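Peer 1: Sharing a structure, written as C-alpha coordinates. Questions coming.
The values are calculated or read from the model by the stated rules, or taken from the named source; none is laboratory data. These numbers were taken from a predicted model, which means no experiment stands behind them. Counting neighbours? That spans all protein chains shown, and the Cβs are built from the backbone with ideal geometry, glycine included. Ligands, DNA and RNA are excluded from the accessible area calculation, which covers all protein heavy atoms including side chains. Shrake-Rupley method; radii C 1.70, N 1.55, O 1.52, S 1.80 Å.
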Amino acid sequence: DGEIRIWSATDLTRPSVGVQVGGGAINCIAVVDYGGEAAIAIGTADHSVRILRRADPKRLLATFHHPGPVLALAPASLAGRPALVSGGHDRAVRVWDLSVASSHALGRVSHGAGAGGASVIADGTIS
(Lines give C-alpha, C1' and ligand atoms only; values in the text may rest on other atoms or scores of the structure.)
Protein backbone atom coordinates (compact mmCIF):
# COMPACT_ATOMS: atom_id res chain seq x y z
CA ASP A 1 0.00 0.00 0.00
CA GLY A 2 3.06 2.31 -0.16
CA GLU A 3 3.05 3.03 3.58
CA ILE A 4 5.67 2.26 6.22
CA ARG A 5 4.61 1.81 9.80
CA ILE A 6 6.92 2.22 12.78
CA TRP A 7 6.04 0.57 16.07
CA SER A 8 7.37 1.18 19.54
CA ALA A 9 8.95 -2.01 20.93
CA THR A 10 7.08 -1.35 24.19
CA ASP A 11 3.62 -0.96 22.59
CA LEU A 12 2.93 -3.27 19.67
CA THR A 13 -0.83 -2.62 19.68
CA ARG A 14 -0.64 0.14 17.08
CA PRO A 15 2.02 1.90 15.01
CA SER A 16 3.42 5.08 16.52
CA VAL A 17 4.07 6.49 13.03
CA GLY A 18 2.57 5.68 9.63
CA VAL A 19 4.00 7.40 6.56
CA GLN A 20 2.81 7.18 2.97
CA VAL A 21 5.95 7.12 0.83
CA GLY A 22 4.63 6.39 -2.65
CA GLY A 23 6.44 4.34 -5.22
CA GLY A 24 3.96 1.52 -5.22
CA ALA A 25 4.72 -1.65 -3.30
CA ILE A 26 7.44 -1.53 -0.67
CA ASN A 27 9.48 -4.68 -1.25
CA CYS A 28 12.13 -4.34 1.48
CA ILE A 29 13.25 -2.14 4.36
CA ALA A 30 16.44 -1.67 6.40
CA VAL A 31 17.62 0.61 9.19
CA VAL A 32 20.83 2.40 8.19
CA ASP A 33 23.22 5.18 9.21
CA TYR A 34 22.98 8.04 6.73
CA GLY A 35 25.49 10.84 7.22
CA GLY A 36 25.66 10.16 10.96
CA GLU A 37 21.92 9.94 11.63
CA ALA A 38 19.54 7.00 11.92
CA ALA A 39 17.58 6.48 8.73
CA ILE A 40 15.19 4.04 7.10
CA ALA A 41 15.98 2.65 3.65
CA ILE A 42 13.09 1.30 1.60
CA GLY A 43 13.22 -0.54 -1.71
CA THR A 44 10.19 -0.11 -3.94
CA ALA A 45 8.52 -1.53 -7.02
CA ASP A 46 9.11 1.75 -8.87
CA HIS A 47 12.86 1.01 -9.11
CA SER A 48 13.87 3.26 -6.19
CA VAL A 49 15.73 3.06 -2.92
CA ARG A 50 14.51 5.87 -0.70
CA ILE A 51 16.36 6.97 2.43
CA LEU A 52 14.04 8.54 5.03
CA ARG A 53 15.01 10.29 8.21
CA ARG A 54 14.19 8.00 11.18
CA ALA A 55 13.23 10.90 13.47
CA ASP A 56 10.91 12.31 10.77
CA PRO A 57 10.10 9.63 8.16
CA LYS A 58 8.24 12.16 6.02
CA ARG A 59 11.62 13.76 5.26
CA LEU A 60 13.34 12.22 2.24
CA LEU A 61 17.14 12.29 2.57
CA ALA A 62 18.16 10.57 -0.67
CA THR A 63 16.90 8.50 -3.59
CA PHE A 64 18.88 5.89 -5.53
CA HIS A 65 17.67 4.17 -8.69
CA HIS A 66 17.73 0.65 -10.17
CA PRO A 67 16.60 -0.25 -13.70
CA GLY A 68 14.00 -2.58 -12.14
CA PRO A 69 12.15 -3.16 -8.86
CA VAL A 70 14.35 -3.21 -5.74
CA LEU A 71 13.99 -6.56 -3.97
CA ALA A 72 16.61 -6.58 -1.18
CA LEU A 73 18.48 -4.18 1.12
CA ALA A 74 21.26 -4.78 3.64
CA PRO A 75 23.19 -2.23 5.74
CA ALA A 76 26.96 -2.47 5.41
CA SER A 77 30.22 -0.76 6.30
CA LEU A 78 32.98 0.19 3.86
CA ALA A 79 36.25 0.91 5.63
CA GLY A 80 34.24 2.28 8.55
CA ARG A 81 31.85 4.32 6.38
CA PRO A 82 28.12 3.49 6.34
CA ALA A 83 26.91 1.83 3.16
CA LEU A 84 23.85 0.11 1.75
CA VAL A 85 23.72 -2.94 -0.48
CA SER A 86 20.68 -3.22 -2.76
CA GLY A 87 19.59 -6.06 -5.00
CA GLY A 88 17.07 -5.81 -7.77
CA HIS A 89 15.01 -7.54 -10.38
CA ASP A 90 17.60 -6.30 -12.91
CA ARG A 91 19.94 -9.06 -11.64
CA ALA A 92 22.35 -6.59 -10.11
CA VAL A 93 23.61 -5.92 -6.60
CA ARG A 94 24.71 -2.35 -5.98
CA VAL A 95 26.71 -0.78 -3.15
CA TRP A 96 25.87 2.79 -2.08
CA ASP A 97 28.12 4.97 0.12
CA LEU A 98 25.81 6.57 2.70
CA SER A 99 28.49 8.85 4.18
CA VAL A 100 28.25 11.24 1.23
CA ALA A 101 25.30 12.74 -0.62
CA SER A 102 25.59 10.87 -3.90
CA SER A 103 23.12 9.06 -6.10
CA HIS A 104 25.75 6.94 -7.86
CA ALA A 105 26.46 3.35 -6.89
CA LEU A 106 30.04 2.61 -5.83
CA GLY A 107 29.85 -0.74 -7.54
CA ARG A 108 27.61 -3.19 -9.32
CA VAL A 109 27.81 -6.96 -9.47
CA SER A 110 25.77 -9.09 -11.85
CA HIS A 111 23.80 -11.95 -10.37
CA GLY A 112 22.46 -14.94 -12.32
CA ALA A 113 18.85 -14.30 -11.32
CA GLY A 114 16.91 -11.45 -9.77
CA ALA A 115 18.66 -10.52 -6.52
CA GLY A 116 15.89 -11.30 -4.03
CA GLY A 117 18.09 -11.22 -0.93
CA ALA A 118 21.29 -9.62 0.26
CA SER A 119 23.47 -9.86 3.34
CA VAL A 120 26.82 -8.44 4.33
CA ILE A 121 29.16 -10.02 6.86
CA ALA A 122 31.80 -8.28 8.97
CA ASP A 123 34.65 -8.80 6.49
CA GLY A 124 32.65 -7.02 3.76
CA THR A 125 31.57 -10.13 1.88
CA ILE A 126 28.25 -9.65 0.10
CA SER A 127 25.99 -12.61 -0.50
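Peer 1: Examine the range 56-69 for a residue that is at pLDDT 85 or above, over 21 Å from Ala25 (Cβ atoms) and in contact with a Leu (Cβ under 6 Å, 6 or more places away or on another chain), and state whether such a residue exists.
Peer 2: No, that holds for no residue.
Peer 1: Name the pairs: first residue in the range 31-49 and on the phi > 0 side of the Ramachandran plot, second residue open to solvent by 60 Å² or more (accessible area, probe 1.4 Å), Cβ to Cβ under 9 Å, at least 6 apart or on different chains?
Peer 2: Gly35/Val100; Gly35/Ala101; His47/His65; His47/Pro67; His47/His89
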